[in-house]
Amino acid sequence: METFLRAIEAYQRFDPAGWVSLFRFFPAWAGGLLMAVGLLMMMFGGGKLFRLVAGPLGAGVGFLWAPVLATRLGFAPQANQARIVATIAIGGLGLLYPPAATFFAFGIPLGMVAGEMAGVNDWLLGFIPGFFFGGVLAMAAHRFIGAIVSSLVGAWLLVLGALAAMYPFTSMVESVSQQPWGVLIAALLFAIAGCVYQLFVQLSPEAREALKQEKRKAKKKLADAKAVERRWTNYSKDKGLD
């Protein structure tokens with residue numbers, strides 16, 4: 001477990017080789033499951049299913065960034081407690097209100113960048129506006145960001161799952177994993193395909209709702225027409241017109 005946690009911490013920094021090496025912790029059956037989940041997220045993760053993405057995404061944000069923030073704010077001894085609380089809180093918030101997950105997922109990294117640009121002494125003064133600006137911007141573009149984030153996460157799960165599923169059966173996986181940039185490019189291509197499908201092929205929530213409204217109106221119109229026909233038939237029978 002401790003080794004797995006150290007492997008996860010590679011995602012706190014720019015470490016492509018460390019990101020790719022995570023596949024070694026998953027058995028082949030789990031790799032197949034990751035592939036299925038990743039494909040589902042790439043195709044439908046930006047819609048109603050984004051709630052299933054937002055929960056783990058929020059938990060991941062809390063798990064990865066809470067210790068870093070705690071250290072930056074002078075609470076290094078409480079970093080582990082901050083990680084646990086943030087993982088549960090942001091993960092639960094993401095499940096209940098998905099835009100909150102995108103708020104933290106984009107706000108924290110942008111705030112970190114702004115803090116670094118402000119310098120050590122003014123780090124907090126840079127972090128706070130960067131955090132809120134990134135978070136609010138992410139919430140405003142929630143549908144697009146939901147499609148992009150779900151496609152990126154789904155593509156990465158698909159690639160990691162494929163590596164994990166094939167690892168016990170072929171030595172080619174080991175050589176592929178030694179080329180992390182190639183793996184990243186493959187995941188990026190899958191993510192682009194997922195974004196294109198979700199944003200330009202799949203109907204938007206507004207379009208789906210409009211289509212449902214049209215179907216309901218057409219169904220009601222047909223029912224009204226049948227009701228008028230039944231009344232006219234009954235009237236004709238009563239008057240002996242048939």
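Readers should treat all values here as calculations from the given coordinates under stated rules, not as data from a laboratory. Computed from a predicted structure; not experimentally measured. No Cβ is skipped: glycine too gets one built from the backbone with ideal geometry, and neighbour counts run over all protein chains shown.
Would you mind getting me the FRET efficiency between residue 51 and residue 222? Use the beta-carbon distance for r and R0 = 25 Å, nearest 0.05. Working from the Cβ atoms, E equals 0.15. Helix 205-238 and the longest principal axis of the Cα set of the chain meet at an angle near 20°. Taking chymotrypsin sites (Phe, Trp or Tyr not before Pro) as exposed when DSSP calls them loop and at most 15 other C-beta atoms lie within 10 angstrom, the chain has its longest site-free stretch at 76-168.
Considering the zone a paramagnetic label at residue 9 would reach in this model (a point 7 Å from Cα along the Cα-to-Cβ line), which residues of the stretch 71-92 have amide N under 18 Å from it? It comes to 71-87, nothing else. Length available on full extension from residue 213 to residue 170: 0.36 nm per residue minus the Cα-Cα distance, which gives 10.3 nm. Kindly identify the stretch 107-184 as rounded, prolate or oblate by the Cα gyration tensor criterion: order the square roots of the eigenvalues as a ≥ b ≥ c, call it rounded if a/c is under 1.5, otherwise compare a/b with b/c, prolate if a/b is larger, else oblate. The shape class here is oblate. Largest first, the three principal axis extents of the alpha carbons in the chain are 93, 51, 29 Å in whole numbers.
So how strong a dipole does the chain carry about its Cα centre when Lys and Arg Cβ are +1 and Asp and Glu Cβ are -1, to the nearest 20 debye?
Numbers: 21 positive and 13 negative charges, 294 e Å.
Using Cβ point charges on Lys, Arg, Asp and Glu, the chain gives about 1420 debye.
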